[in-house]
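To start, the structure itself, in structure tokens.
The values are calculated or read from the model by the stated rules, or taken from the named source; none is laboratory data. Since this is a predicted model, take the numbers as computed values, not measurements. Glycine gets a Cβ as well: all are built from the backbone with ideal geometry, and neighbour counts include every protein chain shown. The accessibility values were calculated without ligands, DNA or RNA, using every heavy atom of the protein model including side chains. Shrake-Rupley method; radii C 1.70, N 1.55, O 1.52, S 1.80 Å.
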Amino acid sequence: MTAASLGFRSGSNGSLHQQLQNGAFSATQPISLRRASRSVSGRIYKFVGRRRKVGILLMLMISVTVLSFVSVISRDEDSLVGSTTTLAYSENLSMKSFKSPFIVPHEESSVRQNISLISLPSRRTTPHPCERFPVSSPPMDKRHTGPRPCPVCYIPVEQALLCMPYSAFPSPVLKNLHYFSEDNLISYQPKGGSNFGGLPSLQHRNESFTIRESMTVHCGFANGRKPGQGTGFDIDDDILLEMEECHDVVVASAIFGNYDLMQQPKNISEYTKKNACFYMFVDEKTEAYMRNSSGLDDSGKVGLWRVVMVQNLPYEDSRRNGKIPKLLLHRLFPNARFSIWIDGKLQLVVDPYQILERFLWRRNHTFAISRHYSRFDVFEEAEANKAAGKYDNASIDHQIEFYKKEGLTPYSLSKLPITSDVPEGCVIIREHMPITNLFTCLWFNEVDRFTSRDQISFSTVRDRIMSQVDWTINMFMDCERRNFVVQAYHRDLLEQRKALAAMRHPPPAAAVTTQDKIAKVPPLKKLSGKTPSRRGRDKRSGSRRRHPRVITGRL
């Protein structure tokens, strides 16, 4: 029996596959009761040695009884060990024979219940293959001085699969999370959000930040029977049922307003192609463009992406509509265990299971997001958004002033180990569990109530939750994010660049042959009078020139 076969989460950073190869786990290590029986016999001998008058007969009777008992236990023990070794992972893992550790076969369930009563053998800590991998800055590049990717250590997909936990990571404090769903919503306060968000009052907002064991909060999709059915952000029923069949890993993205070009994932393993879900949410405008340019047909697939057209979008702002699948994937995929969100302008170039192992499972994190490459302070982020015209200045100022009254202060080193208050929110890696679901729900409520610039509201929601429960967010470096996603330009910028390139470098004229040139030469006429001097000067330029000889006839 191995710890790997139970899928335990461990504080160790060791790879389960690596530990199996190094012999850290013993596949058939029985519980030794023979040593215990020998120690009992030794005490009996001492007792008999001191009391020789008691008689050797009593000693023989006790010895026979103990030996018979040990033989019965040994037979039962051997049968138990023989049944548990079949559950251990094979050291020579084959992707074709690999079964998802999230699904426990029915015939093995009773055996696992009996195994849980047995204490596991102690194992020595084995270093993770990437334990000593140096964390370095991006390599120097004179041509590209802006943000660049840096090296990241991933383990092979086969080993990453072995590191997947069987059960969900325990959610601190919060165990049951429910959502408001109301048919008739009334906004009691101005600027309380939208009908899609449920129009929560400030009282509802404040209560939602008090973490309890069981909670009910606003989390979008306030109308209708279930998310995607008459709630706004509506999806066909057949596709909703298809989405409910995603049980393990979901990779999701969205393009609204035909704003980006769809990017196909690269370097994806065959196991991931068969078992992970790849969903791309689009609106009608983007879907029509894809049918004409991307090969989208009635199957609804383009490459790995399952393209889903969304109707009845709740917001006029395409970027705000994009926050729905970005932050509320746990509501669209209620049975998924893990999800990776990437913005529509990004191309995934590393297998999702390797990403999950690197940024979640290796350090027992449940939520990971990269920090901004240059800004760490919310106030600086707000000013940068105003300078770039990302949102109207008055709305940004109103949101910052509201947070200041609640205690928002500039980032400082006193917040360590928190390394930044500003995320680069184009990638979100998370496990779907009550506390992470609550975080993204409350984060979405801030986006619904205030501006759609989610970088501004991120730290407020994070800090209020972390002040009450033992939970952290893995804010990794932005250069690490750029290692597994490649960023492209928005579609309109690409089209503008193509137009400018065509203006600067027009296409070459059609090639003219020598025969065409000869055919166009007119016949020369014979000149009468004196032949001009060869040393004549051009009156306009003043330069000397040689006059050609006069040739009669055609060339």
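For the range 423-452 and the range 339-358, what is the separation of their C-alpha centers, rounded to whole Å?
Between the Cα centre of the range 423-452 and that of the range 339-358, the gap is 17 Å.
Among 447-455, 231-239, how do they line up by average Cβ neighbours within 10 Å per residue, starting with the highest? Before the final figure, lay out the partial values.
Details: 447-455: 21.6, 231-239: 17.2.
Most protected by this proxy first, the peptides run 447-455, 231-239.
Along the range 397-402, what does the Karplus equation 6.51 cos²θ - 1.76 cosθ + 1.60 (θ = phi - 60°) give for ³J(HN,Hα), rounded to whole Hz, x for Gly and Pro?
Using θ = phi - 60°, the values come out as 4, 4, 5, 5, 5, 4 Hz.
Summing +1 for each Lys or Arg and -1 for each Asp or Glu, what net charge is found among the other residues whose Cβ lies under 11 Å from the Cβ of Ser269? Before the final figure, lay out each step's value.
On the way: positive: Lys273, Lys274; negative: Glu158, Glu270, Asp351.
Here the charged neighbours net out to -1.
Step through the residues of the range 228-234 one at a time and calculate ³J(HN,Hα) from phi using the Karplus curve (6.51 cos²θ - 1.76 cosθ + 1.60, θ = phi - 60°), rounding each to whole Hz and writing x for Gly and Pro.
Coupling constants for the range 228-234: x, 10, x, 9, x, 6, 7 Hz.
Give me, ordered by chain and number, the residues 5 or more places off Tyr179 or on other chains with an amide H under 5 Å from its own placed amide H.
Amide H to amide H, under 5 Å and 5 or more residues apart or across chains, Tyr179 pairs with Val217.
Sort 406-416, 358-368, 307-317 by packing, meaning the average of other beta carbons within 10 Å per residue, with the highest value first. Intermediate results must be reported in sequence, preceding the final value.
On the way: 406-416: 11.5, 358-368: 20.7, 307-317: 17.5.
Output ranking for 406-416, 358-368, 307-317: 358-368, 307-317, 406-416.
In whole Hz, with x marking every Gly and Pro, tabulate ³J(HN,Hα) for the range 250-259 from phi via Karplus 6.51 cos²θ - 1.76 cosθ + 1.60, θ = phi - 60°.
10, 10, 10, 8, 7, 9, 10, x, 6, 8
Whole number in Å², please: accessible area per residue of the range 202-359, 1.4 Å probe, ligands, DNA and RNA not counted. Present the calculation step by step, with values, prior to reporting the outcome.
Numbers: 6100 Å² over 158 residues.
Computed with neighbouring chains in place, this is 39 Å² per residue.
Once you've got the Cα coordinates, tell me which of Lys175/Lys266; Lys226/Lys415; Lys345/Lys405; Lys226/Lys345 are over 32 Å apart. All intermediate terms of the calculation are to be shown ahead of the outcome.
Numbers: Lys175/Lys266 37 Å; Lys226/Lys415 40 Å; Lys345/Lys405 36 Å; Lys226/Lys345 29 Å.
Cα-Cα > 32 Å for Lys175/Lys266; Lys226/Lys415; Lys345/Lys405; rest within.
Would you work out the relative contact order for the range 273-337, in percent, from Cα pairs under 8 angstrom that are 6 or more residues apart? The partial results should precede the final answer.
Numbers: 42 pairs, mean separation 20.5, N = 65.
Reported relative contact order: 32 percent.
Starting from the Cα coordinates of the range 361-451, work out the convex hull volume and express it per residue in Å³.
Working: hull volume 11.3 nm³, N = 91.
Given the Cα convex hull of the range 361-451, per-residue volume reads 124 Å³.
I want the antiparallel fraction of DSSP beta bridges within the range 252-388, as a percent rounded to 5.
20
If you count, for each residue, the other Cβ atoms within 10 Å and average over each peptide, how do 281-288, 321-328 line up from highest to lowest?
Details: 281-288: 19.4, 321-328: 23.8.
Per-residue Cβ counts within 10 Å, averaged per peptide and sorted highest first, yield 321-328, 281-288.
Excluding Asn176 itself, what net charge comes from residues whose Cβ is under 12 Å from its Cβ, given Lys and Arg +1 and Asp and Glu -1? It would help to have the intermediate numbers written out before the result.
Values: positive: Lys175, Arg212; negative: Glu213.
Here the count lands on +1.
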